[in-house]
1. With the stretch A:141-248 as the region, which helices (runs of 4 or more DSSP H) entirely inside it contain at least 1 residues that are of a type in the set (Phe, Trp, Tyr)?
2. Might you let me know whether the stretch B:43-62 holds any residue that is in a helix (DSSP H, G or I), surrounded by 15 or more Cβ atoms within 10 Å (Cβ to Cβ), within 14 Å of another protein chain (Cβ to nearest Cβ) and at pLDDT 90 or above?
3. From the list B:ARG24, B:ARG35, which residue is exposed (fewer than 13 other Cβ atoms within 10 Å of the Cβ), at pLDDT 90 or above, over 30 Å from A:GLY162 (Cβ atoms) and within 9 Å of chain A (Cβ to nearest Cβ)?
4. Out of (1) under 20 Å from the mean Cα position of the chain (by Cα); (2) hydroxyl-bearing (Ser, Thr, Tyr); (3) closer than 27 Å to B:ALA17 by Cβ, the odd one out for A:SER184 is which?
5. Output the residues belonging to the stretch A:77-89 that are among the small types (Gly, Ala, Ser) and either in contact with a Leu (Cβ under 6 Å, 6 or more places away or on another chain) or at the interface with chain B (Cβ under 8 Å from one of its Cβ atoms) (or both).
6. Looking at the stretch A:76-127 only, could you name the residues that are assigned to a loop (DSSP other than H, G, I, E, B), within 28 Å of the chain's Cα centre (by Cα) and not β-branched (Val, Ile, Thr)?
7. As an exercise: evaluate B:PRO263 against (1) at pLDDT 90 or above; (2) farther than 26 Å from B:PHE307 by Cα and give the number of the one condition it does not meet.
8. Check A:GLY157 against each of (1) at positive phi; (2) within 11 Å of another protein chain (Cβ to nearest Cβ) and name the one condition it does not meet.
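The values are calculated or read from the model by the stated rules, or taken from the named source; none is laboratory data. Values in this document were obtained by computation on a predicted structure and should not be read as measured data. Counting neighbours? That spans all protein chains shown, and the Cβs are built from the backbone with ideal geometry, glycine included.
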Amino acid sequence: MIEVRGLTKRYGAKTAVDSLTFGIEPGKVTGFLGPNGAGKTTTMRCILGLDYPDEGTVTVDGKSYPDLAYPMREVGALLEAKAVHGGRSAFNHLLCLAQTNSLPRRRVGEVLELVGLTEVAGKRSKGFSLGMSQRLGIAATLLGDPKVVMFDEPVNGLDPEGILWIRNLMRTLAAEGRTVFVSSHLMSEMEHTADHLIVIGRGKLIADCTMRDFIAGSSGASVRVRTPSTDQLVRAITAKGATAATGDAGSIEVRGMTTEQLGELAFSEGIVLHELTTVRASLEEAFMELTASSVEYRADMPGGHQPGTMIGSGV
Amino acid sequence: MATITTSDVRPPALPPATGHAGLRGVVASEFTKLRSVRSTYWTLGALLIVSVGIGVAVMAGQSSSLTHNPGNKAGFDGTQVSLIPFFEIGQLVIAVLGALTITSEYSTGMIRTSLTAMPRRGLVYAAKAIVFTTVTLVIALVTSFVAFFAGQAMVAGTGVGASLFGNVKIPANAIFNGPGSPGSPPKVTFQGTDVISASTVLSAVIGTALFVTLVAVIAFGLGAIIRHTAGTITTVIGIMFVIPILVQLLPDNWRWDITRFFPDAAGRVISVTVPGGGNPHLWSSWPQMIVTACYAVGLLAIGAYLFRKRDA
């Protein structure tokens, strides 16, 4: 159980994290989402004691991370895969980490086997590809058989096989009852892995809820309809108190009505429909909506946010 | 379909532990770090080559000079001459290792991985300092003795080589009596003798190794403060070489008063074995060593404070 209370971290004049409060429950995959620069990495660094908070506290099982008896047995964290001395072999890299927590030497071989790096154990890690470095970093997080694992943007730059491997790993670790805390700036990445979401933007908490609530809490489903009598239908919809907007290819995006209500409305008005589809809000859309105001560096998007261009949730 | 199944990613269970991760494991870890990178072997190899290699070359030159010009035997300090390359140049080589021990953690980003595994920073810093200082001291002692013995072997036939096993008498003064017959050395008469005791030689050889170790600790402390390899090495060179040279440009009547307070001064007195051969303006060997030690301890302490206080 990780508890973050009123965490504030400033770098000079810039506030990276602004009175952030949340908790991470065991046995779940908790996704930590936010646009680039939202303060995800800073929050993780504060949890691990790499950076000192200006205000607030962070505890792991009620203690600050440096006070834990065997830190690696409690938390395994991978923030940067390339944060290793490239001149050291994979084996020696893991050995020097294991020794700090008095972990048995054979453990190094076990985790290397686990991530599939046994064959290159004696090789210096500067020659490793990003995928191999990522595996080496994950091996390090598992050395202490930790209750909590933390990954910062673990799939960045990985090939599809590597992404799949990490997803499976996270699910397995959570299924074993471990707490998994994983950050990403890509909503689609969380869609298949996370049970719980913590969303931040500009260092502030935007949402802390289950995945289901997150999707439901966004502006939700809309209905796409196409008809030759667009004007007549829009008038009827507006009269019922729902909203209609122009979608692409001559369709209308309707919010505030179900497909059943719309179908009945069209029937009673004698309007022919060519299409009537529920468009479930994707996680990506919900995320964009939530964080739109908190994106730190936003290019001017001509035409702004375009409704109806993101269809379904199968991103 | 997933190619890696659940059982493939399940980490084997770890037997439970009691107590607290402490200094012992972190010391083992720091030793693993030091022995598992090539730069350690490069710098230690360079230290031996520079100190012993140049020392032997210098002593070979001295041997020829002592044969062709016996007057040079008067006051000849075989111990110091054999150790000069070690404490003048070798100290810089080992300073590079001292700097790298800590700055390479920052240049590679390893420091963040290290401190994630062991967040008790005081422990990490202490273990690093203990391992580095111990390894450096051992290597410095070995280098010092090897440079000494190899150097003395080069002047073995001259009768003025120093010894760790007995007192050696050397002429105190030489009077030049004109050139010798063609092909033979100039004529000299010697006046008085100086006795170089074995214990003085031993303390010079060990003391020089201690001095070099202290310089390495200075580099380590500066490394923790500066966190940048090139910046740290430049600063060490500045303190140990450039400032002493600049000070020589100052007026004689007061420059020695400040020279005593520089960390490099000890190197020049600790290696002296001939009675009265020291620099009369500096303090004697061990007080001058305390000055160097104060720099080492002071910089180590500032480094420790900053290592704990700053964001990693």
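1. A:160-175, A:211-217
2. yes
3. B:ARG24
4. With (1) under 20 Å from the mean Cα position of the chain (by Cα); (2) hydroxyl-bearing (Ser, Thr, Tyr); (3) closer than 27 Å to B:ALA17 by Cβ applied to A:SER184, the lone miss is (3).
5. Selection gives A:ALA77, A:ALA83, A:GLY86, A:GLY87, A:SER89.
6. A:LEU79, A:GLU80, A:ALA81, A:LYS82, A:ALA83, A:GLY116, A:LEU117, listed by residue number.
7. (2)
8. The single condition A:GLY157 does not satisfy is (2).
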